[in-house]
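Novice: Following this message is one structure expressed as structure tokens.
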Amino acid sequence: QVGGLPVGAARHGGIGRDRLEGGEEPGRGVFDDAHEIHDGGLYRHGASPATPVTLPPMPPTIAFEGVGVARSGTTILRHVDLTVEPGEVVGITGPNGTGKTTLLRVAATLLLPAAGSATVLGEPVGTPGARRVRPRIGLVGHQPALAEHLTLAEQLRFHADLAGLPHDGIGRALAAVGLAEAADRRTSQVSAGMARRADLARIVLTRPELLLLDEPDAGLDAEATGVVDALTRATVGRGGSVLVVSHDPRRVDQLCDRMVRIVGGTVEAA
């Protein structure tokens, strides 16, 4: 750990005044009122800075052990072992058809493994508990999760309602991705790049603990790729984790703390 934060959080800027974080004070919402911070350490109010509070270790955000997935008799993933810690950004690379997107779907609790065990945010995939943690997971897939007949603002209202969030952050989320002036335009009336930005605005709004990115730069111009970087920093800055799939090893190396590669349906260090 660095300065009381996980290594990943330290690398990506830690808890700070990020545009996507709404200017929150460092640490607000992370620690309760009975504690204070001195020189990067956590202490009880009135306690000597020489006696820091010992916090219990955080469980892994993702813990896969021997995970296997098969479809129509074809094995896609086999014996996958993968752990992602809070505050960590992990990249996944590999050729087409090796199971990268399938692995993300398991991490999103949308696909039950045929073998092994998969735990996400402390809940085993396939259990009622896993369904309850889905609002804490943000998945950005190949195609934007948008309905063509809704405006961009209506899209975010829908997702806010699903997550039990107020609507007052919608304008700020659209502004964060450069879509403030397009809030009342229907998805069918915007470009593919704008739709991709709107999908990222959903992540700005819902602030997931686990962010899953499948080729996140696809369809974005060079300026908009900075939004992906900012979302990654914001997620780890509040103690969350990010799992990124990309065909571009250089981009993964730039964005992530470590990289793994899927070869023959299994995961190995890259």
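Novice: How much net charge surrounds Gln155 when only the other residues with a Cβ under 12 Å from the Cβ of Gln155 are counted, with Lys and Arg +1 and Asp and Glu -1? Show your work: numbers first, answer last.
Specialist: Working: positive: Arg157, Arg185, Arg186, Arg197, Arg202; negative: Glu148, Glu154, Asp161, Asp184, Asp199.
Around Gln155, the charge tally is 0.
Novice: Once you place label points 7 Å from the Cα toward the Cβ at Arg132 and Ser117, how far apart are they in nm?
Specialist: 1.9
Novice: Residues with amide H under 5 Å of Leu211's amide H, sequence separation 5 or more or different chain, H placed in the peptide plane at 1.01 Å from N; which?
Specialist: Gly138, Ser241, Val242, Leu243
Novice: Would you please give the residues with an amide H less than 5 Å from that of Ile76, counting only those at least 5 places away or on a separate chain, with H modeled from the backbone geometry?
Specialist: Correct list: Val69, Ala70, Arg71.
Novice: Within a Cβ distance under 15 Å of Gly193, other residues only, what is the Lys/Arg minus Asp/Glu net charge?
Specialist: Values: positive: Arg185, Arg196, Arg197; negative: Glu181, Asp199, Glu215, Asp217, Asp221, Glu223.
Cβ neighbours under 15 Å give a net charge of -3.
Novice: Could you work out what % of the accessible surface of region 134-270 is carbon and sulfur, using a 1.4 angstrom probe and leaving DNA, RNA and ligands out of the count? Walk me through the intermediate numbers first.
Specialist: Numbers: 3060 of 6060 Å².
Solvent-exposed carbon and sulfur of region 134-270 make up 50 percent of the total.
Novice: Sticking with this structure for a sec: Residue by residue, what Karplus-based ³J(HN,Hα) values in Hz, rounded to whole numbers, does region 146-158 have, using 6.51, -1.76 and 1.60 with θ = phi - 60° and x for Gly and Pro?
Specialist: Calculated HN-Hα couplings, in order: 10, 8, 5, 7, 9, 6, 4, 5, 5, 4, 6, 4, 4 Hz.
Novice: Pull out the extension gain between Asp168 and Arg250, defined as 0.36 nm times the separation in residues minus the alpha carbon to alpha carbon distance; nm, one decimal.
Specialist: Values: separation 82, 0.36 × 82 = 29.52 nm, distance 3.74 nm.
Contour length minus the Cα-Cα distance gives 25.8 nm.
Novice: Quick check: from the Cα gyration tensor, does region 76-119 come out rounded (a/c under 1.5), prolate or oblate? Mind dumping the intermediate values first?
Specialist: On the way: a/c = 1.67, a/b = 1.10, b/c = 1.51.
Taking the square roots of the gyration eigenvalues as a ≥ b ≥ c, region 76-119 is oblate.
Novice: Roll a 1.4 Å probe over the protein chains and send me the accessible area per residue for region 109-226 in Å².
Specialist: Details: 5610 Å² over 118 residues.
That works out to 48 Å² for each residue.
Novice: So between Arg185 and Asp221, what do we pick up on full extension, going 0.36 nm a residue minus the alpha carbon distance? Mind dumping the intermediate values first?
Specialist: Values: separation 36, 0.36 × 36 = 12.96 nm, distance 1.99 nm.
Here the segment from Arg185 to Asp221 would lengthen by 11.0 nm.
Novice: Long-range amide H contacts for Arg185: which residues qualify at under 5 Å (H placed 1.01 Å from N, peptide plane, sequence gap of 5 or more or a different chain)?
Specialist: Correct list: Leu152, Ala153.
Novice: I would also like to ask the following. Expressed as a whole number of Å, what is the distance separating the alpha-carbon centroids of region 220-243 and region 141-216?
Specialist: Computed from Cα coordinates, the inter-centre distance equals 15 Å.
Novice: Also, quick follow-up: Per residue of region 163-170, what does 6.51 cos²θ - 1.76 cosθ + 1.60 with θ = phi - 60° give for ³J(HN,Hα)? Whole Hz please, x for Gly and Pro, Karplus curve as stated.
Specialist: Residue by residue, region 163-170 yields 8, x, 9, x, 8, 6, x, 5 Hz.
The values are calculated or read from the model by the stated rules, or taken from the named source; none is laboratory data. Just so it is clear, the model here is predicted, and its values are computed rather than measured. Reconstructed Cβ throughout: ideal geometry from the backbone, glycine too, with neighbour counts over all protein chains shown. Keep in mind that these areas ignore ligands, DNA and RNA; they rest on the heavy atoms of the full protein, side chains included. Shrake-Rupley method; radii C 1.70, N 1.55, O 1.52, S 1.80 Å.
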